[in-house]
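Input: a single structure, listed below in structure tokens.
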Amino acid sequence: MRPHLLCLIVGLSSIAIVSWAQTDPAKKASSFTDVVREVDQAATAFRGFDRDQDGVPEIRTLDRMKGGFEAKGKGGGTVVVLVEKRLLEQASGQADLRPSLQTFAKDIAIGGSNAFVLETSFYDGSEHQDGLTLIAYRDFLRRLWLKVEDFKGVILVGNFPQAFMVRQYAWHRDDPITLFAGTKAEVSFQQPWVRAVAEPVVSPADIVLADLDGRWDGIYVRQPMNVTDLYAVFPKGSDITENWEEKTERYEDFFFVQDGPWSEEALGGHKERFRFDPEPNEECTAAEKKLPNPLGLPKISVSRINAFHAGVVPDPGIHGVNGEGLLAPNGMPQTVEFADAQHVPNVMNAWVPSASLERTLLVQYFARNHAYRSAKSSTVLGASSVSTGLGSDLDDLRRDVPGWKDLSGKEFLDTDITITDLAKWMKEPALVREIRAHSNPILAAFEAPKDLAALTAETGGRPWYWTREGNKLVPSLKGIGGTMGFGFLRTLYENKALPSNGVLYFHTGCEATRPLGAEDVPFNAPGYARWQLAECTMMYGNGLALVGRGKVFYDEPREFWKVLGKGGTFGEAWKHYFDVESQDPELAKDGIGRKRSYFWSLLGDFTLRLPDALLKPNAAKQRN
């Protein structure tokens, strides 16, 4: 009998497993002074932390920032903000992020939670070990969770590594199947069969950081690994077959949720018996394995504020035949002519990272966050939805949020919504924007404009994108077709075409949060997460927070608005989705679907709530 559990410990032999006994809740730090001490001690313990003991630390530096970067809340637990140290280094001509972070800490405290800002740096070399770095930070967060009473979670500011997850499970099917397609051995069947394929399911898999008592460190695989896939056809009611095909997938630096182990027994005559074991749920605790639908549950909230991939500028090294650059002397886009069509650069490659713009976008983010929290934007309370035939959630908002009981938000629900329609929709003020469109890591799909001039006018009159025309790059939105992506959003941003208020985004598009290249390269590789859709939406679409999915799928977070309507935070609404899913016994029968909550993550500030004017509309009317 040959087992195919595919050794969940491959690549882990050199990794030190860090754990602590569960702390007695009565002994957890609760006073602000005690929490300060625990945060400082944890930072000291994990400074220079080398988890796999290879002589190269995963966490290089970790220090609590002092002098206004901490703030005492009132009974709302504790929040830690980890800021990439690179962003705090003083540089001529670049915005200083420190005042914004001080204000952010105070705003979190006004919202009720203790807030601590820590600066940190981490492994940024050539090894593909993003998951290992994340596990190191998970150990740090786990210590705080064990030591600090009501530890709410972490906000990551900067370009941190992201976890990549692969899942395999046995999918029992009865639709047509072809084995050995495209070969001389090709054969088709219409009878029961099993598909056990290791699929890339999500990145960022922030459940890894949020589930602090699960066994995620035990299912991490750092080194390249070939995983066997199985396609096996069976006579009805039998586990013996002579018709099967095995393939391999190669992954590295991934969290392997192996829910499809099987064993094979050779019976002779080219027949084998396949036995499929129950899903082991190795990432789960013993208690979670007993849930109606077993899955890992987040113990804290995690969200990311990252402008690195959106913060790009036209490459100043690109010049045309007459010496002209992509930007004219006045800083505006201009036409560039090249010697011939072969010398015209790819438009995506015509942009390069800008530390200056990255910091500017972050400062702008924290400014609108502060404006929202301090009620400077409270006049904008509406919600609107755009959907390419994929339904709408506004009825849930009307039901679950008191101030939206009579909501008459703008809804575009047609299958033929053009990108021009989308521009008009985004220009109408709204606090909440729901986007339901087929998406991928860099774009959401709408219909092409019927009139390019009308699209140009709606987006502010001056395209901040180039379209290739023969041997020229011409400032034009023609090249975006009907896609909501970098070119569309950057044009709206540069032309200041959008309302100034911050926006809470509910994005159900497939892979909207997924970084391009997550399956193949480390986070610091050129092109990784280039033009990332959710991040560009946040930074160029005046985002405050965004909930989105990192995989092609069909779900959305259940009861999300119910939590927000009761005064909960974005983070609490995200966590609640896992709770709801874990209590659904019918979902437990749904193969890939039963752990679909793993696909979702948060961008922006997880501590944000809806304003009191929506939570207590009658009280707001009386005050006015």
Original post:
In the range 348-395, which residue that is part of a loop (DSSP other than H, G, I, E, B) and of a type in the set (Val, Ile, Thr) is surrounded by the most Cβ atoms within 10 Å (Cβ to Cβ)?
Top reply: 388
**OP:** Among the residues of the range 430-462, write down those that are out of contact with any Gly (no Cβ under 7 Å at 6 or more places or on another chain), within 16 Å of residue 540 (Cβ to Cβ) and open to solvent by 20 Å² or more (accessible area, probe 1.4 Å).
**Re:** 458, 460, 462
**OP:** Can you work out which of the residues in the range 175-187 that are free of Cβ contacts under 8 Å to residues at least 60 places away in the same chain and surrounded by 11 or more Cβ atoms within 10 Å (Cβ to Cβ) is nearest to residue 275 (Cα to Cα)?
**Re:** 177
Original post:
Any residue at all in the range 335-347 that is in contact with a Pro (Cβ under 6 Å, 6 or more places away or on another chain), at pLDDT 95 or above, of a type in the set (A, V, I, L, M, F, W, C) and buried (at least 20 other Cβ atoms within 10 Å of the Cβ)?
Top reply: no
Subject >> Hits in the range 293-334 (condition: over 35 Å from the mean Cα position of the chain (by Cα) and either charged (D, E, K, R) or open to solvent by 40 Å² or more (accessible area, probe 1.4 Å) (or both)) >> reply: 319, 321, 322, 323, 324, 329, 330
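Yes or no, residue by residue, for (1) among the polar types (S, T, N, Q); (2) open to solvent by 10 Å² or more (accessible area, probe 1.4 Å); (3) touching a Lys or Arg at 6+ places or on another chain (Cβ under 6 Å):
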site: 34; (1), (2), (3): no, yes, no
site: 53; (1), (2), (3): yes, yes, no
site: 75; (1), (2), (3): no, yes, no
site: 79; (1), (2), (3): no, no, yes
site: 84; (1), (2), (3): no, yes, no
Original post:
Looking at 397, 327, 362, which one is under 30 Å from residue 208 (Cβ atoms) and either among the hydroxyl-bearing types (Ser, Thr, Tyr) or in contact (Cβ under 8 Å) with a residue 12 or more places away in the chain (or both)?
Top reply: 362
Original post:
Within the range 585-615, can you find the residues that are of a type in the set (D, E, K, R), farther than 30 Å from residue 115 by Cα and either in contact with a helix residue (DSSP H, G or I) (Cβ under 8 Å, 6 or more places away or on another chain) or in a helix (DSSP H, G or I) (or both)?
Top reply: 589, 594, 595, 596
**OP:** Kindly provide the set of residues from the range 472-484 that are closer than 18 Å to residue 511 by Cα and crowded, with 23+ Cβ neighbours inside 10 Å, ordered by number.
**Re:** 484
**OP:** Would you check if there is a residue in the range 540-554 being surrounded by 24 or more Cβ atoms within 10 Å (Cβ to Cβ) and assigned to a helix (DSSP H, G or I)?
**Re:** no
Subject >> Boolean, residue 572 is of a type outside the set (A, V, I, L, M, F, W, C), open to solvent by 10 Å² or more (accessible area, probe 1.4 Å) and within 22 Å of residue 532 (Cβ to Cβ) >> reply: no
**OP:** Output the residues belonging to the range 233-246 that are outside any loop (DSSP other than H, G, I, E, B) and surrounded by 13 or more Cβ atoms within 10 Å (Cβ to Cβ).
**Re:** 233, 241, 243, 244, 245
**OP:** Name the one entry in 115, 95, 91 that is out of contact with any Ser or Thr (no Cβ under 6 Å at 6 or more places or on another chain), part of a loop (DSSP other than H, G, I, E, B) and either in contact (Cβ under 8 Å) with a residue 24 or more places away in the chain or open to solvent by less than 50 Å² (accessible area, probe 1.4 Å) (or both).
**Re:** 91
**OP:** Report, by residue number, each residue of the range 483-524 that is outside any loop (DSSP other than H, G, I, E, B), under 18 Å from residue 306 (Cα atoms) and either without any contact (Cβ under 8 Å) to a residue 24 or more places away in the chain or more than 18 Å from the chain's Cα centre (by Cα) (or both).
**Re:** 489, 490, 493
Subject >> Given (1) open to solvent by less than 20 Å² (accessible area, probe 1.4 Å); (2) in contact (Cβ under 8 Å) with a residue 60 or more places away in the chain; (3) touching a helix residue (DSSP H, G or I) at 6+ places or on another chain (Cβ under 9 Å), number of the condition residue 279 does not satisfy >> reply: (1)
**OP:** Report, by residue number, each residue of the range 396-429 that is over 13 Å from residue 614 (Cβ atoms), open to solvent by 60 Å² or more (accessible area, probe 1.4 Å) and not hydroxyl-bearing (Ser, Thr, Tyr).
**Re:** 399, 410, 411, 413, 414, 416, 424, 427, 428, 429
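Residues checked against (1) at pLDDT below 95; (2) in contact with a helix residue (DSSP H, G or I) (Cβ under 7 Å, 6 or more places away or on another chain); (3) outside any loop (DSSP other than H, G, I, E, B):
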residue	(1), (2), (3)
155	no, no, yes
159	no, no, no
166	no, no, yes
171	yes, yes, yes
194	no, no, yes
199	yes, no, yes
208	no, yes, yes
218	no, no, yes
231	no, no, yes
Subject >> Where residue 498 falls short, out of the listed (1) open to solvent by 20 Å² or more (accessible area, probe 1.4 Å); (2) closer than 30 Å to residue 222 by Cβ >> reply: (2)
Subject >> Selection status of residue 63, free of Cβ contacts under 8 Å to residues at least 60 places away in the same chain, surrounded by 14 or more Cβ atoms within 10 Å (Cβ to Cβ) and in a helix (DSSP H, G or I) >> reply: no
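The values are calculated or read from the model by the stated rules, or taken from the named source; none is laboratory data. Nothing here was measured: the structure is a model prediction, and the numbers come from that model. Heads up, the Cβs are rebuilt from the backbone with ideal geometry, glycines too, and the neighbour counts pull from every protein chain shown. Calculation scope for accessible area: heavy atoms of the full protein, side chains included, ligands and nucleic acids excluded. Shrake-Rupley method; radii C 1.70, N 1.55, O 1.52, S 1.80 Å.
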